[in-house]
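Below is one structure, written out as structure tokens; the observations come after it.
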Amino acid sequence: MFKKILIANRGEIAVRIIRTCRDMGISSVALYEADDRGSLHVRLADECVLLESTQGYFDTTAILKIAQDTGAKAIHPGYGFLAENIEFIRACQQAGLVFIGPPLEVMLAQHNKIEVLQRVTAAGWPTVQYSADTFEASEGEAVRAAADRLGYPVMIKSTHGGRGRGAYAAQLAGQVERMLRRAQTEAQLVYGNTRFYVEKQITPAHMIGVQVLADAQGQIVHLGEREGSLIRGNQKMMEEAPAPGLTPAQRADLWRTAVEIVRLIGFRGVGTIEFMGDLEGHFYFTEIKPRIQIEHTVTEMISTVDLVREQICLAAGEALSFTQAEVQLRGHAISCRITAQDPWRHYMPSPGVLRRVRLPTGHGVRVDTYAYSGCAVPAQYDPIVAKVIAWGDDRAESMHRLQRALSEIALIGVATTLPIQQLIAHHPEFLRAAYHTESLRRDLPEDALPPEHARDLAIAAAIVYARRNLAGQPSVPDRLQSGWHRSSRRLRE
Amino acid sequence: MFKKILIANRGEIAVRIIRTCRDMGISSVALYEADDRGSLHVRLADECVLLESTQGYFDTTAILKIAQDTGAKAIHPGYGFLAENIEFIRACQQAGLVFIGPPLEVMLAQHNKIEVLQRVTAAGWPTVQYSADTFEASEGEAVRAAADRLGYPVMIKSTHGGRGRGAYAAQLAGQVERMLRRAQTEAQLVYGNTRFYVEKQITPAHMIGVQVLADAQGQIVHLGEREGSLIRGNQKMMEEAPAPGLTPAQRADLWRTAVEIVRLIGFRGVGTIEFMGDLEGHFYFTEIKPRIQIEHTVTEMISTVDLVREQICLAAGEALSFTQAEVQLRGHAISCRITAQDPWRHYMPSPGVLRRVRLPTGHGVRVDTYAYSGCAVPAQYDPIVAKVIAWGDDRAESMHRLQRALSEIALIGVATTLPIQQLIAHHPEFLRAAYHTESLRRDLPEDALPPEHARDLAIAAAIVYARRNLAGQPSVPDRLQSGWHRSSRRLRE
Amino acid sequence: MSKVEVTVGGHTFEIEVNLNHRANHDLPVIVNGQTLTVTVPDLDAPLDQMEWIIVDRRPHEIVIDPELRWLRDHTGVHFVEVRDLEARVARPISRDGRIKAPIPGVIKAVFVAEGDRVEAGQSLFILEAMKMENEIHAPKSGSISQISVKPGQDVILHEVLAEVA
Amino acid sequence: MSKVEVTVGGHTFEIEVNLNHRANHDLPVIVNGQTLTVTVPDLDAPLDQMEWIIVDRRPHEIVIDPELRWLRDHTGVHFVEVRDLEARVARPISRDGRIKAPIPGVIKAVFVAEGDRVEAGQSLFILEAMKMENEIHAPKSGSISQISVKPGQDVILHEVLAEVA
């Protein structure tokens, strides 16, 4: 086993990886950009090294050198940043460092999404419909022709995408070229040069991923599925495990399909086999996610398996320490990813300082976060601040516990998506699991209020208004002063 | 099921009970003394009522009236305060309120500890040796004669004790009368008038409790055992489940004995059957704890059963929702109870304000606490501030995770026992589970430090010294100024 | 003294608060003409978005949006509207057509050109910040009189990106 | 400038710190004659028991006892001794024999009488506070010249309980 691991990431996922390293007795090396030196992942690590170039967390040359200087034998990329960067994975191998993820040959075999789709189709598994060819960003007309053949809406996707980046939906033929340009702009930023393909969009849909683990000895195990269909743009707002709408037969079918696809592609490590389902209950393979996902924690809650530990063990060449028969999935877990974005301003990023942080705790509640009272939420990074995860014996219990946990958490100082997630957590369609990828396009009703409770809240608002005026910090209805954002009504009407 | 429950307690256990109420959709009524109005249990409840008399949380008359005024149909006493007060339980019954704990007749049947011991002895189960009679506090000579017959050391115990109150060890005959006086002073305070008996003390010993649940329909289920042998005075410092030193045969034997004692006594509700074990592996029944215990959380971690939920369901007359065969105990959990006491001053209480609170989180970690940044730790209540619980696949993993969690937690502003628990968590005897009730009488060695690490810490200390001097807050070696406490060396030499 | 009309959850209340009339933690509040005593334990604490009051034995720990558009408590999120009954003149809606960067970042795309006619709400720019693309919309309908940025350009907070005349 | 001798984990270091010589977050520190640069990100934050420094790429988040008797970091608790090399005269041990209440509470028991001979460390009182019994010990050997409290009496912080002459 590795004695020391370098973590090429920051924020909640870096903290989460450091924790598992410490639980395993492995030393951790954290990286930081100059402005990020107070971040929790730096404070908790065994060693920390400043990234001096402007490339920061993307500076692969510096990161490899730091690994060698500090004697770290392995690098955990987390999600985002370098997690799916083939050149970086190749450079790790050349430098004699272990990339904690699938081995290079496995990454190469599954990195081109359209090739994977073609192999899975050829093997007879249902996949989403996709264009036969891939295209340069300049081939707008060919892309449009391919989209026309599939029928709208379509997704224009980078062959090397991930984390919902480099993928844009076109509802109509007229949008294809613009979305291709946007996908290209974004993919360029994240993945470098890439080609594009067109996927027929299933909408509304269920987005379901099966968590798989595969060792070098050929053993494949799954830890059940999770659903992440509550999306805003390409970002998942909430995730749960198990997926609430599946029949036992559908579930068994998805699990078997996922394991067979792992075998077919020769996938190794910890990953997710992703499917889109239509509302008739047909599921279609879309892609393999070869890294830890943000929402992996719901699977940890129902399986009690530490997925980062398994990633590390598998990357070290160990065989899986448990068989499929030993996996016990128990209860239900729901996760909320709270980001520093202002829902009342088009989800504009909202950096700042968290003046007050209070975390919910207790039986069945887990919070993954880098936040503490006084910590900075920097402008230049991913806006995820915290994941609140609630486990219960069944879905109803986990949902009530999530409502409770969301009501207890305090993240004061920056605007976050928390109010929206609280609305969702109380929404009747969420409560009865009647949701899909289009659900958040509709407006969220607020709960009815008994008059007495409304009066109490009105009193609170009046006191706050008076206190702020007295303190010379009046609550200005900012929407009346600045025009670029929509009014708060948007969420209501 | 109850629609509203009054919680006759405060601090971490009141918060913990409110959370389960909310998870179950039950309204909660919190109580508070005037100085305690900012406490978290008040903030999180649905209703809160001021206790105006000087009796405060002990004011049974006020509490019953508040239950009736607010329409609460049940009262949860937590631990301490009124949890074992027979007169209060009787008054609840007379007022038509459900006491969340065993029914009155069950409490009456097991409240006299010596009667329970006699019944268990008569049924043929091994018990600790105890005096044949009970005594008034004035009967010092008779108590001493009983102690002489049993042989020293002995425990002088109130027949109505609980939570380690009203029980004092006498090592020699000469100590009996003084310890009887102290037991009486304390028992008077907590339980009112009571008689005393003498128990032969097993020392060193293992203190093990089996968690049991019994419904009115006659079903009895256990959730395994936990060990709480790391005690300082009568207070447990750390607890774990399962007990690490048991053979499978011993464990099965304890479980069976516990269930049979429940059947014998006719116990109902959620409780703990407690045993003392000698170092040869013989276990002796001591008493039944008919309430939620502080350390119940380790059992929740390995069983995933919410014990407060079960208390509420059983008190509502429901049958247990699971059978013994459905109980799955998985992994290992260790808990630390962090109290506001200063280990460098004889564990003197250390009230104040927690200026900075940061809680550890992540996979397998739970913290039960009423603490948040800025909260008060009042002088007049139980000093428990937080319980940190770490779960792992096995004992080694839970121990490493506990070490990690203890290193992450920040409770700044009052002195706590945390440093001592960190020493214990790294102590070789704890690591290999070679501990018993006498272990904490010996001094705790600190870990060896590599010179480089020692240098870093020395630099930190020098900077702090300089900063505090500059700020006009010099770090005075207080032990040189005030004589009444021992020097810090005590813990080292 | 402060007199406001507050609408929340479909109910409207006229409320008078006088912070000078407090006694210890208790504050008298007049709601629709009736006087109530509200406990505000943190009345002396610095201003915070988290407020903690007790009304008629009901404790409420509430987080209130800095712009008073919503508040959240343990029952969920509720929209709120506060009208100051003493400020006789409503604040005018800004007629300023300048579009400023709401966050520092990089302009990734410009969808319009000077002279273009735009509708209120139309997407004008993509501003990348916090690893996300953020659309910047037109504040009102009109024509673009000026564009001050181009793709790839770094912008600082409140830098003027364009103007709609 | 501050020059101290620090012993921790069996190792002793002579350390000079000059808080005025900082550059941004960096602070030069002389350890046994060698100059090191230490990063102290929170140097401008208010004093706190939690300190956060980086030495040679090793981050240390440390909680330090207000009386500098111990510190704890992620490896555990370590005892520390700080000797000020500039304060030429060591602080004298107080000869004051007065025993004061270290916390407010109720006297539950008095184990000695005026005139009794006591040994240093001997238990003199039980003071109940925070629902616990706390033993109050003799600060030094001597005889009890005065007892100011009796069982059942409430005492306030630092109230004199007795005096050992």
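Values in this text are rule-based calculations from the coordinates and carry no lab data. Nothing here was measured: the structure is a model prediction, and the numbers come from that model. Glycine gets a Cβ as well: all are built from the backbone with ideal geometry, and neighbour counts include every protein chain shown.
The table for this structure:
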| item | result |
| --- | --- |
| Peptide B:410-418 - average C-beta neighbours from other chains (10 Å radius) | 3 |
| 222 nm mean residue ellipticity, helices alone, for the protein assembly as shown (DSSP H n ≥ 4; -39,500 (n - 2.57); rounded to 500) | -7500 deg cm²/dmol |
| Normalised contact order of chain D, rounded percent, pairs of Cα under 8 Å and 6 or more residues apart | 16 |
| Gap separating the Cα centres of the stretch A:104-163 and the stretch A:30-92, nearest whole Å | 31 |
| Set A:K200/C:K150; C:K100/C:K131; B:K200/B:K289; A:K65/A:K157; A:K65/A:K113 screened for pairs whose C-alpha atoms are more than 23 Å apart | A:K200/C:K150; A:K65/A:K157; A:K65/A:K113 |
| Partner chain coverage, peptide B:401-407 - average Cβ within 10 angstrom | 6 |
| Cα convex hull volume per residue for the stretch B:53-211 (Å³) | 128 |
| Hz values of 3J(HN,Hα) by residue in the stretch A:119-127 - Karplus curve (6.51, -1.76, 1.60), Gly and Pro given as x | 5, 5, 4, 4, 7, x, 8, x, 10 |
| Selection from B:H296, B:I412, B:L246, by position along the positive dipole direction of the stretch B:206-443 (Cβ) | B:I412 |
| Per-residue ³J(HN,Hα) for the stretch A:132-142, Karplus 6.51 cos²θ - 1.76 cosθ + 1.60, θ = phi - 60°, Hz, x for Gly and Pro | 5, 10, 10, 9, 6, 4, 7, 8, x, 5, 5 |
| B:K3, C:K100 arranged by Cβ crowding within 10 Å, fewest neighbours leading | B:K3, C:K100 |
| Descending semi-axes in whole angstrom, ellipsoid equivalent of the stretch C:9-165, from the Cα gyration tensor | 44, 19, 14 |
| Cα-centre dipole for the stretch B:1-122 with unit charges at Cβ (Lys and Arg positive, Asp and Glu negative), debye to 20 | 380 |
| Per-selection Kirkwood Rh - the stretch B:4-100 (Cα, Å, 1 d.p.) | 12.9 |
| Axis-nearest residue of C (beta carbon) for the C-onto-D rotation, whole Å | C:P46, 7 |
| Gyration tensor (Cα) of the stretch C:2-84, equivalent ellipsoid semi-axes in angstrom | 19, 17, 13 |
| Alpha carbon convex hull of the stretch A:116-194, volume per residue in cubic angstrom | 90 |
| Label 7 Å beyond Cα on the Cβ vector: D:N32 copy-to-copy distances, nm | 7.8 |
| Cα gyration tensor shape for the stretch B:317-371, rounded if a/c is under 1.5, else prolate or oblate | prolate |
| From the C-alpha gyration tensor of the protein assembly as shown, square roots of 5λ in Å | 54, 35, 35 |
| Relative contact order computed over the stretch B:1-83 (Cα-Cα under 8 Å; 6+ residues apart), in percent | 40 |
| Evaluated over the stretch B:265-378, the Cα radius of gyration and Dmax, each in Å | 18.2, 49 |
| Over the stretch D:98-164: Rg over Rh, Cα atoms, Kirkwood Rh | 0.93 |
| Against the rule of thumb 2.2 N^0.38 Å, how large the Cα Rg of the stretch B:206-443 comes out | 1.02 |
| Electrostatic dipole magnitude of the protein assembly as shown [Cβ: Lys, Arg +1; Asp, Glu -1; Cα centre; debye, to 20] | 380 |
| Vicinal HN-Hα couplings computed from phi for the stretch A:421-429 (Karplus, 6.51 cos²θ - 1.76 cosθ + 1.60; Hz; Gly/Pro x) | 5, 5, 4, 4, 5, 9, 7, x, 5 |
| For A:P248, inter-copy label distances in nm, listed shortest first [label point 7 Å out on the Cα-Cβ vector] | 3.0 |
| Peptide B:438-449, shielding by other chains (average Cβ, 10 Å cutoff) | 2 |
| 7 Å along Cα→Cβ, label-point gaps from A:E141 to other copies, nm, shortest first | 11.9 |
| Normalised contact order of chain A, rounded percent, pairs of Cα under 8 Å and 6 or more residues apart | 13 |
| Residue exposure sequence - C:T35, A:T361 - by fewest surrounding Cβ within 10 Å | C:T35, A:T361 |
| Radius ratio Rg over Rh of chain A, counting only Cα atoms, Kirkwood formula for Rh | 0.96 |
| Neighbour-count ranking [beta-carbon atoms within 10 angstrom, fewest first] of B:D456, B:D133 | B:D133, B:D456 |
| Check: the stretch A:129-200 dipole with +1 on Lys, Arg Cβ and -1 on Asp, Glu Cβ, in debye | 260 |
